[in-house]
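Let me begin by presenting the structure, written as structure tokens, before commenting on it.
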Amino acid sequence: MNSLPSIDLALLTRDDGPLNDSVRNAINSQVGVRLNVHRVVGRPLVGDVSRIATIARTRNEAVRRSRSDFLMFLDDDVVLAKDCISRLHHGLIARSNYGAFAADYLGESSAHRQSRHVAMGATLFRRSVVQRDPFRWEPGKCECLCRCEDIRRRGARIDYLNGAKAWHLSPKHSRGCCEVGDSSSAESSRGSHNPDVIKNAKVLVAFNRRDVHRFQNVFLRTLRAAGNHQEVIVVGYGLYPSEIDRIQRLPNVRFIRRPYNGQLPPVRRLVDFRDIVSGLPAETPAAYWDAGDVLFQGRLDALWQHTQQYPDKVLAVREPRGFPFNNAIRGWTRTIQNPSMRRRVFELFASNPFLNSGFGAGTARTLTQYFGEAIRLRDSALRGTTDWGDQTALNLYCHSDPTRWMEVPEDWNYCVHDRQRGEVRVTPDGRVVDRSGHLIPVVHGNARSLTQFAIVR
């Protein structure tokens, strides 16, 4: 008996009432493993803004209680086949590149592709993997999908395991906590969207002569082709009269002319964007992207709705690599003139997601506050940094006060640079997809990665 692998089983329940007999008997009947069962009750707390928030917090508590090398999550309405956990364990032992395997009790898996969303109601993790990042959630995205993305971002794999069987007791409610599934993407249902919010949203973009062509022929063309018809407010630096005339003729584009002064757009736009959004109604949804290396493949409706759900948050997306794998963090912080500020900024950047400043979204009121403070930070705390843009300002602003911002799905600013081989690819018909074949709504070719992929010239 002692030779059997020891596995912690975290049984997640809404309360401490009696278990369903089928669930209990299935746990007791598991073969080939020795289980340490921990019942973890997910009662809502005052700070939980949703049921998914409660579930994510409860899963993190289960991780803290675990001691074995493997941790099995089981929802209290899932019945396991007697060899289910043993099969999952054998699968992980045989395939070291997997961080977790799950039994498909919801009927989501496909034999032909990796499952983008893996439900966590019957999932076995390597404890070393599940400890790396806490369970989290995002607007429109359950903790299961967020966990899948975090595991894959670190280079491991997660999927359903063929042959591992489990059943859900309430098939008609089979999505459980995951009913939001993929609703965070640009392909989410439009039925709940407020059409006025979508109609009134603003897209901000700023560029000099170098990016005139890419703005018109890549950025704007793909934005419109994807079904996004919101007003685009363009700030152009040092453009020729012929270029200005061409942009002003574009439908639903407002052009603001600025002379060339030698300052790069990613810094200069802070002032101009502040002036633009400060003149809009406070709750107006707005977002900005880099002009020269962004293309659109999906609608932005859900993004505009996020700004209304969280009107006091800057919405941001992390880069694929943080510290110590992202060289910019050390390079940009070590050149800050003030020694105490240099240490503080480095500590913040090294211990938090490194946010990409090629995108930001929020209400006009929230973005006005951010742009104003970012200008001040560049002129004071960040003086001396070799960062040629606004990325250090965005990260310092957000990480100095976590209540100021919210991480949103990378769909809204999918950074291509620093991805592992095969993580992003171009299909024969020219679509940019991730490893699982998911169409990426907003592709950001930072560090000239779109050119490297031959997506743009």
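Read-outs: derived from the displayed coordinates by stated rules, not from any lab. Note that this is a predicted model, so its numbers are computed, not measured. Note: ideal-geometry Cβ built from the backbone for every residue, glycine included; neighbour counts use all protein chains shown.
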Ranked highest first by average number of other Cβ atoms within 10 Å, how do 272-280, 285-293, 81-89 line up?
285-293, 81-89, 272-280
Which of the following values of semi-axes √(5λ) of the Cα gyration tensor in Å was calculated from the structure shown: [x] 63, 21, 20; [y] 37, 29, 20; [z] 44, 23, 21?
[z]
For segment 256-330: rounded, prolate or oblate by the Cα gyration tensor [a/c cutoff 1.5]:
oblate
Please state the shape class of segment 195-452: rounded when a/c is under 1.5, otherwise prolate if a/b exceeds b/c and oblate if not, all from the C-alpha gyration tensor.
rounded
If the only charges are +1 at each Lys and Arg Cβ and -1 at each Asp and Glu Cβ, what is the size of the charge dipole of segment 254-397 around the Cα centre, to the nearest 20 debye?
380
Treating only Lys and Arg (+1) and Asp and Glu (-1) as charged, each at its beta carbon, one finds that the chain has a dipole about its Cα centre, in Debye to the nearest 20, of 1060
Of all DSSP beta bridges in the chain, what percent run antiparallel (nearest 5)?
40
Cα gyration tensor shape of segment 6-178, rounded if a/c is under 1.5, else prolate or oblate by comparing a/b with b/c
rounded
Could you tell me which residue out of 297, 445, 66 lies farthest along the dipole of the chain toward its positive end? Charges go on the beta carbon: Lys and Arg +1, Asp and Glu -1, centred on the Cα centre.
445
Under the helix-only model (-39500 (n - 2.57) for each DSSP H run of 4 or more, divided by the residues of the chain), the mean residue ellipticity at 222 nm, to 500 deg cm²/dmol, is -9000 deg cm²/dmol
Enumerate the amide H contacts of residue 36 below 5 Å, restricted to partners 5 or more residues apart or on another chain; note that Pro and chain-start residues carry no placed amide H.
7, 8, 9
Whole-Hz couplings from phi, Karplus 6.51/-1.76/1.60, listed for segment 5-16; x for Gly and Pro
x, 8, 9, 7, 10, 8, 8, 8, 10, 6, 8, 9
I need the phi-derived Karplus couplings for segment 358-371: 6.51 cos²θ - 1.76 cosθ + 1.60, θ = phi - 60°, integer Hz, Gly and Pro marked x.
x, 8, x, 8, x, 6, 4, 4, 5, 5, 4, 4, 5, 4
